[in-house]
Amino acid sequence: MVYEGAARWNIKTPDAVLVQRIMDLTGVPKVAASAMANRGVTPDNALAYVGPGSNDLPDPFLMKNMDVAAVHFADAIVAGEKIGVYSDYDSDGLCGAALLCWFAKMLGIELSVKIPSRHTEGYGLSIDGLRQLHESGTTLVISVDCGITAVAEAEFCKQIALKLLISDHHSPGEVIPDAVAVINPLLPGDQFPYKKLAGVGVAYNLVVATTKVLRDQGWFSNLRPEPVVECLLPLVAIGTVADVVELQEVNRTMVAQGICRIREGRHPFEGIRALCEASGVSETELTSGQIGWRLGPRLNCCGRLQTAQASLDLLLCENYGEALSIARMLDGLNTERQEIEASILESAIEMVEKKYSLKDQKTIVLAKEGWAPGVIGIVASRIVEKYNRPAVLISLDGNIGKGSCRSIEAFNMHMGLCACSKHLVKFGGHPMAAGLTINADQLRDFEQAFEVSASGLASEDLRPVIKLDAEIEAGDLTLQACEQMARLEPFGMGNSRPLFCLTRCKIEDVRVLKGKHLKLLVTKGGKKFDAIGFNMATVPLNDVIDIAFSPEKNEWMGKVSLQLQIKGLR
């Protein structure tokens with residue numbers, strides 16, 4: 001069964017007056033201005049949108065408890081206390097941990113880092129991990145990308161007089177941990193104007209705030225210069241994009257500035273340079289898409305298959321040769337991860353086709369013994385892409401199951417799991433992605449409860465949607481206009497690469513590449529366009545079609561041309 005063909009086309013019609021005003025202010029072509037208009041850009045913020053600067057970032061002290069958190073961090077630095085970092089094992093947590101370590105290095109001190117093993121310790125703070133830090137002499141622990149639900153762990157820290165500063169971006173529970181400070185833009189009463197920071201984004205705001213506290217205390221001098229914290233933005237860019245959080249407003253600004261610094265070499269990270277080299281990415285032409293598809297997976301794969309220590313070592317490395325050796329090891333590990341992923345995906349699709357009649361089913365829950373726990377999250381995303389239903393994949397090990405959950409826009413995964421909480425050992429996450437632990441004997445009850453939690457989904461919610469920025473005229477579609485689209489980057493979640501449509505295109509030529517890719521030559525309005533649809537060779541065609549596409553620059557044999565990357569046909 002193939003469900004992708006049922007996609008709905010949602011074609012926006014941008015306001016013509018606003019489009020022209022944006023064109024006049026910024027000089028971008030009509031196709032780019034149309035996309036900007038549909039992303040809420042106005043004449044007041046149009047110039048900032050195509051050139052966001054770090055001075056556009058809000059005051060970190062607007063974040064609830066930031067004043068207390070920054071003072072605790074600064075006081076520990078001044079007093080020479082031993083400070084520890086407790087981070088998640090994904091790219092977001094690792095980049096956040098590395099960011100705090102580099103900040104400390106700029107101040108002439110060192111931090112210790114605790115990264116739990118996904119396989120033996122699981123996500124988040126643990127009492128054993130906190131005890132290890134305490135026994136090593138640590139007096140202040142700063143969590144990164146975890147901790148917002150660590151109520152028992154915070155109580156343990158109080159009992160052993162270990163100060164715990166929690167920085168996180170996940171949804172809080174009903175009870176907030178009793179730590180010396182908790183910073184999270186999702187806390188009730190928080191005044192920070194943007195709520196969708198990644199964990200590394202919260203950590204960056206802590207660094208900015210702590211720098212101000214140290215400045216106000218007169219700690220900096222000629223012998224102890226104030227660090228340029230903006231040079232840490234490349235880590236924010238990689239962690240934010242890799243965590244697939246929304247690239248709007250504050251996130252978009254930080255990612256844009258971080259990528260700019262990587263392209264221009266204005267950063268101290270030999271590990272990032274080596275990672276680009278090992279990933280086959282040009283530093284000077286780095287895009288957010290390359291972070292998401294090439295850099296992020298290589299950082300993540302270490303924690304998925306082994307422990308994440310090598311990835312952290314890469315981000316902290318100051319020698320390019322050593323960094324390149326680690327990056328190449330991660331590249332090989334990523335290839336292994338891809339092979340495991342392909343095997344699990346094949347198995348999962350076979351299970352879906354045998355288990356469900358998706359005409360009547362609104363959710364997918366799959367469980368199997370031996371699935372790699374660190375890879376099933378990626379496979380869950382692939383299942384959602386294929387069937388457009390909330391999906392939970394669970395790796396069983398005896399009576400214990402570790403699950404990864406991915407959702408669709410119409411369904412809040414975190415709320416769905418809350419409705420099933422009595423069948424779970426624990427869970428946590430976001431509206432679009434989450435993780436869980438379950439006892440195997442609760443699987444059937446959980447599956448039924450999870451399906452009930454999605455009963456409000458309408459049939460239209462379960463059809464994929466292709467969101468198009470505009471129907472455009474063939475005359476507006478040029479190579480130069482395509483190149484100008486780069487001014488709208490960085491692209492990602494919440495700021496997707498612009499999609500357009502050309503209607504009633506006549507097909508002049510059809511070819512199939514490598515047995516699975518569709519190559520078309522079409523004409524519209526007297527102009528010819530090359531178009532390519534990856535994995536679309538089986539899509540039925542008429543002589544005249546509508547094309548949903550993203551314009552891209554194609555380079556082949558020294559020739560540069562415009563190409564339409566097909567996202568949908570009708």
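The values are calculated or read from the model by the stated rules, or taken from the named source; none is laboratory data. Note that the structure is predicted; figures quoted are calculated from it, not measured. Heads up, the Cβs are rebuilt from the backbone with ideal geometry, glycines too, and the neighbour counts pull from every protein chain shown. Heavy atoms of the whole protein, side chains included, go into the accessibility calculation; ligands, DNA and RNA do not. Shrake-Rupley method; radii C 1.70, N 1.55, O 1.52, S 1.80 Å.
The relative contact order of segment 246-295, computed from alpha carbon pairs under 8 Å that lie at least 6 residues apart in sequence, is 35 percent. Projecting the Cα atoms of A97, I77, I142 onto the dipole axis of segment 68-172, where Lys and Arg carry +1 and Asp and Glu carry -1 at the beta carbon, places I77 farthest toward the positive end.
Taking a ≥ b ≥ c as the square roots of the eigenvalues of the Cα gyration tensor, segment 135-266 is classed as oblate, since a/c reaches at least 1.5 and a/b does not exceed b/c.
For the chain, what does the helix formula give at 222 nm: sum of -39500 (n - 2.57) over DSSP H segments with n ≥ 4, over the residue count, nearest 500 deg cm²/dmol?
On the way: 18 runs with 216 residues, N = 570.
Computed ellipticity for the chain at 222 nm equals -12000 deg cm²/dmol.
Accessible surface of segment 416-485, 1.4 Å probe: 51 percent of it comes from carbon and sulfur atoms.
Of the residues L417, G370, I383, the one whose Cα sits farthest towards the positive end of the charge dipole of segment 341-450 is L417 (charges of +1 on Lys and Arg Cβ, -1 on Asp and Glu Cβ, taken about the Cα centre). Counting heavy atoms of the protein chains alone, D461 has an accessible area of about 60 Å² for a 1.4 Å probe. Surface exposure of the chain, expressed per residue as accessible area with a 1.4 Å probe, stands at 43 Å². Taking 0.890 mPa s as the viscosity and 25 °C as the temperature, the Stokes-Einstein diffusion coefficient of segment 233-383 based on its alpha-carbon Kirkwood radius rounds to 146 µm²/s.
Under the combined filter of DSSP loop state and at most 10 neighbouring Cβ atoms within 10 Å, segment 311-385 retains these trypsin sites (Lys or Arg not before Pro): K359.
Let me have the relative contact order for segment 1-119, percent, based on Cα pairs under 8 Å that are six or more residues apart.
On the way: 75 pairs, mean separation 18.9, N = 119.
Dividing the mean separation by the residue count of segment 1-119 yields 16 percent.
A crude spin-label estimate for the pair L25 and W9, with each label 7 Å from Cα along the Cβ direction, gives 3.1 nm.
About its Cα centre, the chain has a charge dipole of approximately 1280 debye under the convention of +1 per Lys or Arg Cβ and -1 per Asp or Glu Cβ, with nothing else charged.
Distance distribution P(r), segment 354-403, all Cα-Cα pairs, bin width 10 angstrom from 0: 27, 50, 22, 1 percent.
Between their Cα atoms, which of K355/K519; K163/K368; K12/K514; K64/K105; K467/K519; K362/K553 are more than 30 Å away from each other? Walk me through the intermediate numbers first.
Details: K355/K519 35 Å; K163/K368 41 Å; K12/K514 34 Å; K64/K105 27 Å; K467/K519 23 Å; K362/K553 39 Å.
K355/K519; K163/K368; K12/K514; K362/K553, as the Cα separations exceed 30 Å there.
Computed over protein heavy atoms with a 1.4 Å probe, the carbon and sulfur contribution to the accessible area of segment 277-392 reaches 47%. Label-to-label distance, K514 versus V452, with points set 7 angstrom from Cα along the beta-carbon direction: 4.7 nm.
Expressed as cubic angstrom per residue, what is the convex hull volume of the alpha carbon set of segment 80-172?
Working: hull volume 8.1 nm³, N = 93.
Enclosed volume per residue, from the Cα hull, is 87 Å³.
Each of L286, V522, M63 was placed along the dipole of the chain (beta-carbon charges, centred on the mean Cα), and the one lying farthest toward the positive end is V522.
Note on C317: accessible area is roughly 10 Å² with a 1.4 Å probe, heavy atoms of protein only.
Rounded, prolate or oblate: pick one for segment 423-469, where a ≥ b ≥ c are the square roots of the eigenvalues of its C-alpha gyration tensor, a/c under 1.5 means rounded, and failing that, prolate if a/b is larger than b/c, else oblate.
Details: a/c = 3.72, a/b = 1.84, b/c = 2.02.
Oblate shape, in that a/c is at least 1.5 and b/c is the bigger or equal ratio.
With contacts taken as Cα pairs under 8 Å at a separation of at least 6 residues, segment 55-201 carries a relative contact order of 29 percent.
A crude spin-label estimate for the pair K355 and A486, with each label 7 Å from Cα along the Cβ direction, gives 4.5 nm.
Dipole magnitude for segment 52-181: about 320 debye, using +1 per Lys or Arg Cβ and -1 per Asp or Glu Cβ, origin at the Cα centre. In the set (i) 1.12; (ii) 1.01; (iii) 0.97, the label that goes with Rg/Rh (Cα atoms, Kirkwood Rh) computed for this structure is (iii). Judged by the ratio a/c of the largest to the smallest principal axis of the C-alpha gyration tensor, segment 12-147 counts as prolate, that ratio being 1.5 or greater while a/b is larger than b/c.
In the complete set of protein chains, residue-level accessible area for V384 is approximately 20 Å², probe 1.4 angstrom.
One chain, two ends: K195 and D128. Fully extended at 0.36 nm per residue, the span grows by 21.0 nm beyond their Cα-Cα distance. Reported to the nearest whole Å, the Cα centre-to-centre distance from segment 370-431 to segment 260-320 is 28.
To the nearest 0.05, what FRET efficiency results for E81 and D59 with a Förster distance of 30 Å applied to their C-beta separation? Mind showing how you got there, number by number?
On the way: r = 27 Å, r/R0 = 0.89.
Efficiency at R0 = 30 Å is approximately 0.65.
Take every DSSP beta bridge whose two residues both sit in the chain; close to 60 percent of them are antiparallel.
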